[in-house]
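Asks: Here it is, the structure in full.
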Ligand code: CUA
C-alpha cells in the first residue's frame, strides 16, 4: 500500500482514473484550467489566511478601548468588489475559450461516430458507420458492450444518451464528463491519438449498481481494429458442444437468455437493443409525452406502460474476447462466468438479469453448458490481437488489480 501511495506521485505510474493525467489535447486543456484554478485558489487561500493571522495578532484585544470602526468604508467596499471580480474574470476567460474550442471540435462531418447508451448498469456502444453485416447494411450496426475499440487517429464523436435514468459518461484521460440524459444526444469528442486502454466509469449516481458501471475505451492500431471488426462479424466457432458443433444454433440452455441477449451470426437474434422506447422498436418509453407520441404513431402498438424499463441486456457477440464481464466487475474467466450466472444479484446487487439458477430455471449442468458456450464466443482461430502491447502505451500488467468489495473472498479480483 505504501508503495502505491509513494508511487502515486511518479509520472510513470499508471493512473487510469486520474483526471490529472491527461493523454490528449482535450484533457490537456482541462488540465490547464485545473492548474489555473488550483493556483488561483492557493493564492486566495494564502492571502486570506495571512490576513486572518495578521489581524488576529496585530489587533488583538489589549485594553478596553473600542477600535476604529470601518463599516461603510468606500475604499474597502470597492476593493472587495473589484478583487473577486478580477479573479472571476481570470478564471472565466480561459474557461470560456476552452468551452468554445471543444464545442468547435465536435463539429464536422468526418467523425468516427459511436452511439453510447447508458443502461442500468452497463454501456452499449453502437458503431453507426460500421454495419454488423456488410452485405446487409439494414441489419443494424456493430454493437458491443462495456469495451469499445477505436482505431488510433480516429476523430471520435460519442453520441451519449440513455433510455432510463441519468448517468454520466466519463473517461478521465480522454475527455471531461458528459451527462447521459434520456432524450438528449450529448456529444463527447476526442482524437484517439495514443494507443492504449482508457478506463471509464459512470460518474453520476444512477441506482444500486452505479459503482459497477465501468467500461474501457481501447485505442488500437488500425489493422488491429479491422481484425476485431472481422472477428466480430465471424460467427462463433462452435456452440460449445463439440458433438453438434453448430455455429448458428445456440445451445438449449441459452433459451433463458434469448429475450435479452444477442449473439450475432447465430439464431440468438431476437433481443432488442439500442433505445427501446425512443427509437420506437418496443414499448417502454421514457415518459408520458413519449408514450403519447409513440401511441399516436402506431395505434396498433400494445398499450404502453409509461414506465422506465431497464431494457434488454448486452450484445454478447465476441464475449469470450472481452477482458471483463458484468460491466468491468469481474475478470472474464470460466470461474467468474459461473459465479455470475449462479449468484447474479449477489455479485452485482440490483442487477436486472434474473437469477435463473437460484430460481431453479437452470441447473448446474445448464450453467456449465452456458459457461462453455460463452467461452466459445470467438472465432475458430482465437481472439483478435488488439495490438495493445506495442507502441509504448500502457501495458495492462501495470494496472493495479484489487477487489474493494467486502465480500470478495471468493472469485477472482477485479480486472481494472
Ligand atoms: Cu450510471 Cu451511475
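The numbers here are math on the coordinates, done by the rules we state, and not lab data. Quick caveat: nothing in here was measured; it's all calculated off a predicted structure. Using ideal geometry, Cβ is built from the backbone for each residue, glycine included, and neighbour counts are taken over all protein chains shown.
Asks: Extension gain residue 53-residue 208, at 0.36 nm per residue separation less the Cα-Cα distance, in nm? Please list the in-between numbers first.
Replies: Working: separation 155, 0.36 × 155 = 55.80 nm, distance 4.68 nm.
Value of the extension gain: 51.1 nm.
Asks: Let me ask something else about it. P(r) for the stretch 59-112: what percent of alpha-carbon pairs falls in each 10 Å bin, starting at zero?
Replies: Bin by bin from 0 Å, the calculated values are 17, 21, 20, 15, 12, 8, 5, 2.
Asks: While we're here: P(r) of the stretch 88-172 in 10 Å steps, Cα pairs, percent per bin?
Replies: 15, 35, 32, 14, 3, 1
Asks: What order do you get for 188-196, 34-42 when each peptide is scored by the mean count of other beta carbon atoms within 10 Å, highest first? Numbers along the way, then the final one.
Replies: Values: 188-196: 21.1, 34-42: 12.3.
So the order, starting with the most tightly packed, is 188-196, 34-42.
Asks: Order these peptides, 136-148, 313-325, by their mean beta-carbon neighbour count within 10 angstrom, highest first.
Replies: Working: 136-148: 17.8, 313-325: 22.2.
Packing proxy ranking, top to bottom: 313-325, 136-148.
Asks: Using Cα pairs under 8 angstrom and six or more residues apart, how large is the relative contact order of the stretch 49-205, in percent?
Replies: Numbers: 226 pairs, mean separation 27.1, N = 157.
Dividing the mean separation by the residue count of the stretch 49-205 yields 17 percent.
Asks: Where the centroid of each part is defined by its Cα atoms, how far is the stretch 172-221 from the stretch 38-112 in Å?
Replies: 33 Å
Asks: How many percent of all Cα-Cα pairs in the stretch 71-214 sit more than 20 Å apart? Before the final figure, lay out the partial values.
Replies: Numbers: 5946 of 10296 pairs.
When all Cα pairs of the stretch 71-214 are counted, 58 percent exceed 20 Å.
Asks: Further question: Translational D (Stokes-Einstein, µm²/s) of the stretch 137-278 at 25 °C and 0.890 mPa s when Rh comes from the Kirkwood sum over C-alpha pairs? Don't jump to the answer; show the numbers that get you there.
Replies: Working: Rh = 17.2 Å.
The diffusion coefficient I find is 142 µm²/s.
Asks: A further question follows. Please give the peptides 49-59, 366-376 ranked by average Cβ packing (other Cβ atoms within 10 Å per residue), highest first, as a rough proxy for protection. Don't skip to the answer; put the middle values down first.
Replies: Numbers: 49-59: 9.5, 366-376: 20.0.
Descending packing order for the listed peptides: 366-376, 49-59.
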